[in-house]
Amino acid sequence: MTEPATTLDDNPVIARLREAFGDAIVETHAHRGDVTAVIAPDRYKEAIRLLKTDAELAFDFLTDLTAVDRLKLKKKPRFEVVVHLYSRKNNSRFRLKTRPANDREPEVDSIVDIIAGANWPEREVFDMFGITFTGHPNLKRILMYEEFVGHPLRKDYPVNKRQPLVPMREIPEDRPNIYSF
Amino acid sequence: MPASIDTETTQTESGTTRKAMLLNVGPSHPAMHGVIRIITELDGETVIDSDVEIGYLHRAFEKESEVVPWNNVFPYTDRLNYVSPLMNNVCYAMGVEKLLDVHPTERCDYIRVIISEVSRLTDHMTCIGASAMELGAMTVFIYFMKAREYLYELVEELTGARLTVSYVRVGGVKADLPEGWLERLDKALDKTAKVIDENDKLLTRNRIFFDRMKDVGLLDTDTAWALGFSGPLMRAAGVPRDLRKDEPYLVYDRFDFDIPVGAVGDNYDRYLVRMEEMRQSISIIKQAIKQIPSGPVQVGLDSRPFTGAQMVDAAKMGLTSDMLVRKVRIDPTLEGTNKHQIRFVNAPFKQVVLPPKEDTYGNIEGLMNHFMLIMDGEGIKVPEGEAYVANEVANGELGFYIVSDGTGHAYRCRVRPPCFYLMQGLTEMINGDMLADIVPSFGSINMIAGELDR
C-alpha cells in the first residue's frame with residue numbers, strides 16, 4: 001500500500017491486466033509477496049470477469065471480499081474494496097482493489113453474478129461500511145439488525161457508541177411473514 | 001435467493017387446497033446452537049426454499065482489534081473459533097509476523113504445528129460428536145467428549161486455560177512446553193486414537209446414522225467451489241485442497257500425511273473426511289514429536305529459590321549485586337519462567353518479543369524493554385503495509401487480512417472465517433431435503449458462531 005509503487009510488469013497477472021485495461025490500473029505493488037493491483041471502479045467488474053474466465057489465470061475462487069475505510073490514512077478516495085482471489089490451476093493468489101469515487105455514497109458493481117460466493121461478503125461490506133453494491137440480488141444488513149444506525153467499521157464510528165433501543169416491530173397484517181426472505 | 005414472499009396456494013385434483021407453509025427454525029432451537037435462524041418454506045416435510053439469518057453473536061471483533069495493541073488481540077482470537085482457539089492464535093500471529101517480517105524459531109514452529117493439530121482433533125471431535133448427538137447417538141458424543149478431555153487437559157497444562165488460551169504471541173509463544181508434556185501428549189494421542197476407532201465402529205456402518213447422512217445435504221463440486229467452500233466440506237466435495245499441502249506454512253512440508261477426499265459431497269462424506277483427518281492429525285503430531293528440535297536443558301534452581309516478588313523487594317533495598325548471575329524462580333502465574341526457554345521459542349527481536357521475566361525484574365534493560373512493549377501508546381510497531389495470511393484450520397481456510405499504518409495497533413484487521421462461506425451454502429444444501437435433514441446438514445458445516453459473526 002505504501003511501498004514505492006513497483007511496476008511488476010514481469011508478473012503475468014499484472015501484465016494481462018495492463019494489456020486489457022491499460023490506464024485503468026491505478027497502482028500495483030507486491031508488499032510482502034502479495035501481488036496487488038488497484039483498478040478504476042468502472043472497470044472493476046470486467047477485471048473480475050477477466051481474472052475468473054481467462055484460461056491462463058483462472059482465478060475462479062473468491063477467497064475474501066472486504067473493504068477498508070482510509071479516512072484516518074488521509075487518502076482519497078476514502079473507501080477501498082479489497083478482493084482476494086485464488087487460482088487452483090496455478091496455486092496462486094491475487095489481490096484486486098478498487099476505490100469507489102464518491103466518498104459520501106460509495107458505490108461498486110456487484111460481482112455476485114460472476115462469483116456466487118460474493119453474496120454474503122458484499123452484504124457484510126454494505127452492513128459494515130455502507131458501500132452499495134449495484135446489482136446485488138439481496139443487499140441488506142447481515143450481521144447487524146435492520147434498525148442499526150450507521151456503519152460500525154467506518155472510522156468515524158466511535159468504538160464505544162451506543163445504539164438506541166429498538167421498539168417492538170409492528171407486523172403488517174397483509175404481510176405476516178415480513179421478516180422472512 | 002428466494003424470489004417469492006407469499007406462499008402459493010394450489011388446487012389439487014381431489015379438490016383440496018395445498019399451501020406451502022413457513023416454518024421458523026431457531027435461533028432458540030437447540031440444533032441451531034442458539035445463534036442461527038433458518039426460515040423455511042415447506043411443502044409437507046420437504047424444504048422448498050429457505051433463508052439463513054446470522055449475526056446473533058456479533059461482538060465487533062474487527063472494530064475492537066483496531067483499537068487495542070497488537071498482542072491484545074489474542075484473547076479476542078480465542079473467541080473466534082472457540083472449539084479450536086489455538087489455531088486462531090497461530091494464524092493471527094503469522095499475519096502480524098508477515099507484516100513485521102519476523103520469523104520465530106524452529107522449535108516454535110513445531111510447537112505451533114503441534115497445538116494446531118491438537119486443536120484440529122478437538123474441533124473435529126466436537127463436530128462429529130455434536131452432530132451424532134443431534135441424530136440421537138448420545139454415546140458417541142460422550143465418548144468424544146471423553147477423548148477431547150484428554151487433550152484439553154494437556155492444553156490446560158500448557159496454556160493455563162481450556163478455552164481462553166491466548167498462548168501464542170507475535171514472534172513466538174507465551175512459554176515453552178512444560179517438562180514431559182510431549183510424552184504425556186503421546187500417551188493421550190494413543191488413547192484418543194482408540195476412542196476414534198470405537199466411534200468409527202459405532203457410527204460408520206450404523207444403519208440409522210448411514211441413512212440419515214447418506215445423500216443428504218448434497219452440494220456438487222462446482223457450486224461449493226463458487227461459494228468459497230474450503231476445508232473438510234470442499235474436500236468432501238472432491239477437491240483435494242489443503243493449504244498445508246498447497247501452500248505449506250510453518251513446517252508442514254516436513255511431515256508425511258494424506259488428504260482424504262470425498263466421493264459425492266454429502267454429509268456422510270464429510271463425516272468420513274473428518275474421521276480420516278483426525279487420524280492424519282495424530283500421525284502429524286507423532287512425527288512432530290519425533291522431529292522437534294530439543295529445547296534447552298532445564299536449568300536447576302540454586303539452593304535458595306528466589307521468587308520474583310522477593311527479587312523486587314530486594315531490588316528496592318538496593319541488594320542488586322548478584323542479581324545478574326542469580327537463578328530465579330518466578331511465580332508460575334507469570335509467563336516466561338525460564339530465560340533460556342524463552343530464547344528457544346521466541347524470535348530474537350526485542351522490538352517484538354517481551355523479555356523473560358528474570359530480565360524484567362533483574363536489570364534495567366529488561367525492565368525498559370518490557371515497558372516499551374507494554375505501555376499504552378508504545379508496544380510493537382508494525383511497519384506500514386498490508387498482508388493476507390491463510391491457515392488451514394479445522395473448518396477450512398482461516399485468513400487474516402491486516403492493514404497497518406505504522407502505529408501500535410492494526411488499522412484494519414479482517415478475518416476471513418471459513419464458516420461464513422460455508423453458511424452461504426447452507427440454503428443450497430437443505431433445499432429439496434426433508435425438514436429433519438436440516439439438522440445433520442447444519443451439523444456437518446460445524447458452524448461456530450464465534451467466527452461466523454465475529
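The values are calculated or read from the model by the stated rules, or taken from the named source; none is laboratory data. Note that the structure is a prediction, hence the values are computed from the model and not measured. Cβ sites come from the backbone with ideal geometry, for glycine too, and all protein chains shown count toward neighbours.
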So is B:V216 modelled with pLDDT of 90 or more and β-branched (V, I, T) or not? no
Anything in segment B:246-262 that is in a loop (DSSP other than H, G, I, E, B) and out of contact with any Asp or Glu (no Cβ under 6 Å at 6 or more places or on another chain)? List them, or say none. B:E247, B:P248, B:Y249, B:F255, B:D256, B:F257, B:D258, B:V261
Quick one: which residue in B:G171, B:G217 is surrounded by 23 or more Cβ atoms within 10 Å (Cβ to Cβ) and touching a Phe, Trp or Tyr at 6+ places or on another chain (Cβ under 7 Å)? B:G171
Would you confirm, using the coordinates I've provided, whether B:E428 is touching a Pro at 6+ places or on another chain (Cβ under 9 Å), farther than 30 Å from B:D253 by Cα and not small (G, A, S)? no
Show the residue pairs meeting these rules: Cβ distance below 8 Å; 6+ apart or different chains; first residue within segment B:358-379 and farther than 14 Å from B:K316 by Cα; second residue among the basic types (K, R). B:E358/B:K339; B:D359/B:K339; B:N369/B:K350
State all residues of segment B:383-399 that are within 10 Å of chain A (Cβ to nearest Cβ), over 30 Å from B:I39 (Cα atoms) and of a type outside the set (G, A, S); if no residue qualifies, say none. B:P383, B:E384, B:E386, B:Y388, B:V389
Filter segment A:84-107 down to the residues that are within 15 Å of the chain's Cα centre (by Cα) and of a type outside the set (A, V, I, L, M, F, W, C) and list them by number. A:H84, A:R95, A:K97, A:T98, A:R99, A:P100, A:N102, A:D103, A:E105, A:P106, A:E107
Determine the pairs where a residue that is at the interface with chain B (Cβ under 10 Å from one of its Cβ atoms) and in contact (Cβ under 8 Å) with a residue 12 or more places away in the chain, located within segment A:135-155, has a partner that is of a type in the set (F, W, Y) and assigned to a loop (DSSP other than H, G, I, E, B) with Cβ atoms under 9 Å apart, the partner being 6 or more residues away or on another chain. A:N138/A:F181; A:R141/A:F148
Starting from residues that are over 15 Å from the mean Cα position of the chain (by Cα) and aromatic (F, W, Y), keep the ones in segment B:55-103 and report whichever is farthest from the other protein chains (Cβ to nearest Cβ). B:W70
For segment B:136-164, give me the residue count where each residue is buried (at least 23 other Cβ atoms within 10 Å of the Cβ) and either more than 17 Å from B:I285 (Cβ to Cβ) or more than 18 Å from the chain's Cα centre (by Cα) (or both). 2
Can you tell me which residues in segment A:9-58 are under 20 Å from B:Y401 (Cβ atoms), outside any helix (DSSP H, G or I) and of a type in the set (A, V, I, L, M, F, W, C)? A:V26, A:A30, A:V35, A:A37, A:V38, A:I39
Looking only at residues in segment A:46-68 that are facing chain B (nearest Cβ under 9 Å) and out of contact with any His (no Cβ under 9 Å at 6 or more places or on another chain), which one is nearest to B:G396 (Cα to Cα)? A:F61
Among A:V112, A:V125, A:V108, A:V82, which is the only one that is within 14 Å of chain B (Cβ to nearest Cβ), hydrophobic (A, V, I, L, M, F, W, C) and in a strand (DSSP E or B)? A:V82
Take the residues in segment A:85-101 that are without any contact (Cβ under 8 Å) to a residue 40 or more places away in the chain and buried (at least 21 other Cβ atoms within 10 Å of the Cβ), then tell me which one is nearest to the other protein chains (Cβ to nearest Cβ). A:Y86
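Conditions tested, residue by residue: (1) surrounded by fewer than 21 Cβ atoms within 10 Å (Cβ to Cβ); (2) of a type outside the set (V, I, T).
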{"site": "B:N206", "(1), (2)": "yes, yes"}
{"site": "B:F209", "(1), (2)": "no, yes"}
{"site": "B:G228", "(1), (2)": "no, yes"}
{"site": "B:L233", "(1), (2)": "no, yes"}
{"site": "B:D246", "(1), (2)": "yes, yes"}
{"site": "B:V251", "(1), (2)": "yes, no"}
{"site": "B:F255", "(1), (2)": "yes, yes"}
{"site": "B:V261", "(1), (2)": "yes, no"}
Criterion (under 17 Å from B:N72 (Cα atoms), more than 14 Å from every other protein chain (Cβ to nearest Cβ), touching a helix residue (DSSP H, G or I) at 6+ places or on another chain (Cβ under 8 Å) and at pLDDT 80 or above) met by exactly one of B:I380, B:I402, B:I374: B:I380
